[in-house]
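Beneath this line is the structure, given in structure tokens, with notes to follow.
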Amino acid sequence: MMADGVALLSFAVRQAVRRPKCGSGGVLRPLSMLSNSHRQVSQPHGSARPSSSLGSLNYAHVAPDPLADPGVFDDINTYSCKRQTGVSLKTLLDTGRGHLLQKKYFGKEENTTASQQMLQQVACFLHRELPIRFAHRVRDLDAIPVMREMPSIQLVKTWYVTSFHEIRNAPTPNTVAKEADFAVLLKNIYERHAPVLLTMARGAYELRQKYVAGSSEFYDLEVHNFLDAFYLSRIGIRMLIGQYLELREPPKADYIGLCCLRTSPRDVALTAIDDAKFMCTRQHGDAPEVTLHGRLDLTFAYVSEHVHYILLELLKNSMRATAEFHGTDDMPPIRIVIADGEDNEDVVIKVSDEGGGIPRSHISRIWSYLFTTADPEIQRGFVDLSHPASDFDTASPLAGLGYGLPISRAYARYFGGDLSIMSMEGYGTDAFVHLSRLGNHDEPLP
Ligand SMILES: Nc1ncnc2c1ncn2[C@@H]1O[C@H](COP(=O)(O)OP(=O)(O)OP(=O)(O)O)[C@@H](O)[C@H]1O
């Protein structure tokens, strides 16, 4: 039984990516130019999950200021050359399922020996894997000339360097006590990185100001590819940490860690509709109705929170377009259609509005992190570095950052799905969310 468990837990190397730039041209520099305020590690709470209730941690052996230690950058250089290891949704589910089975069959106590050993093995995998992933991102943050000196990018880099350093200095979590300490460390890291998206958005905002003054397409493409890779990687890191922390909690019915075995697109859509209506009403005084059609009874194994993020972004866009195109007196409803067949590889969700559509000349740009038609005043106030917020937040404005669509697409692609937009200018927009239901796609590793 234990051997099976270990096999389930293997987090096998399904895909390994060797970065072409490794070891050349990307010399990582200490952050000597950072002010003290940028060195402070902000730790607001992220999204609702993971929900662990962990104690405090005291790693006396961790250097107080890793940024002042030039050795850490040599270490990062070395780790940025190592291969990342991909994990599929199926692997996450199989591992978690094995863990829960161990809990069930090996006794009633919460931490049976077998399930504890599984947690230790997951922790040991993360102890090896996360420094590699953090190092890749630090190197990438240093690689874009137009962005790397920006305070917001430097601030994000300090978080990645600090987290890299902390894990590298943490002992291998191969005993009960060390595993418990490691979980506390990862919980801190998870919270530290909660505001990364909005802090990076500040950098994109500053860059957008430059583009208004006129700049070349080349940099736009380079920045876009960098941000695409960066956010995809961030989703993966948060997924791995969140899944591990959640597995340490008492099991919840129908859940394996963060994965809900019975994710209901209808139920997720209803929550997203409520949130979007709240945000639209705050902005415009009213919000259009949303009707649901198709397979309302459908459930499948997925991370519900990812589906919620995507649907909320699409609904925010549709509500804003509808309110602006029609005014709030006579708003046509938005339609959500859920489609699925027994043999289909994807669950497909369509969000349709009659909000006037998107001009064809804008279509290629809607996936850019630098494009939004929202009021720049909104962005100025929102991306205030002194108040970094997490990325799941209904306190956000209805529109403003230009991140909604590209980040939603990254969430869909993370497990092998996709997001596409079809528009009829003068009439409306259809957004198609494809969610991979098999879950055996390798994690994309930028
Ligand atoms: N359903 C839609 N109808 C009309 N225009 C749309 C629609 N969806 C997106 N757009 C256009 O695409 C742009 C980019 O959308 P995106 O969701 O990426 O960012 P945003 O809504 O501007 O800001 P935020 O990041 O806060 O969501 C929008 O500013 C808008 O001009």
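Read-outs throughout are calculated quantities, based only on the coordinates presented, and are distinct from any laboratory measurement. Small disclaimer: the values here were computed from a predicted structure and weren't measured. Counting neighbours? That spans all protein chains shown, and the Cβs are built from the backbone with ideal geometry, glycine included.
Descriptive notes on the structure:
- Rounded Å value of the spacing that divides the Cα centres of region 125-179 and region 300-331: 34 Å
- Exposure proxy shown here: for HIS326, HIS99, the number of other Cβ atoms within 10 Å sets the order, fewest to most, as HIS326, HIS99.
- The peptide list 309-317, 180-188, put in order of mean Cβ contacts within 10 Å with the highest first, becomes 309-317, 180-188.
- Counting neighbouring beta carbons within 10 Å and listing from fewest to most, the residues ARG295, ARG128 come out as ARG128, ARG295.
- Sorted by Cβ neighbour density within 10 Å, fewest at the top, the residues CYS259, CYS124: CYS124, CYS259
- Cross-link partners for LYS316 among the aspartates and glutamates, with Cα-Cα distance under 14 Å and sequence neighbours closer than 8 places in the same chain left out: ASP274, ASP275, ASP286, GLU289, GLU324, ASP353, GLU354, ASP393, ASP430.
- Peptides ranked, highest mean first, by Cβ atoms within 10 Å: ranges 156-167, 77-88: 156-167, 77-88
- FRET efficiency for the pair THR373 and THR172, taken as 1/(1 + (r/R0)^6) with r the Cβ-Cβ distance and R0 = 60 Å, rounds to 0.75.
- Point-to-point label distance, SER420-ASP254, nm (Cα→Cβ direction, 7 Å offset): 3.1 nm
- Amide H partners (placed H, <5 Å) of VAL290, local residues excluded: ILE334
- The slack in the chain from ASP442 to HIS326, taken as 0.36 nm per residue of separation less the alpha-carbon distance, amounts to 37.4 nm.
- Karplus (6.51, -1.76, 1.60) ³J(HN,Hα), θ = phi - 60°, over region 247-264, in Hz, Gly and Pro reported as x: 5, 6, 7, x, x, 10, 4, 6, 10, 10, x, 7, 7, 8, 5, 10, 4, 9
- Estimated from the Cβ-Cβ distance and a Förster radius of 25 angstrom, the FRET efficiency linking LEU261 and GLU345 is about 0.85.
- Inter-site label distance for ARG365 and LYS90 at 7 Å from Cα along Cβ, in nm: 4.2 nm
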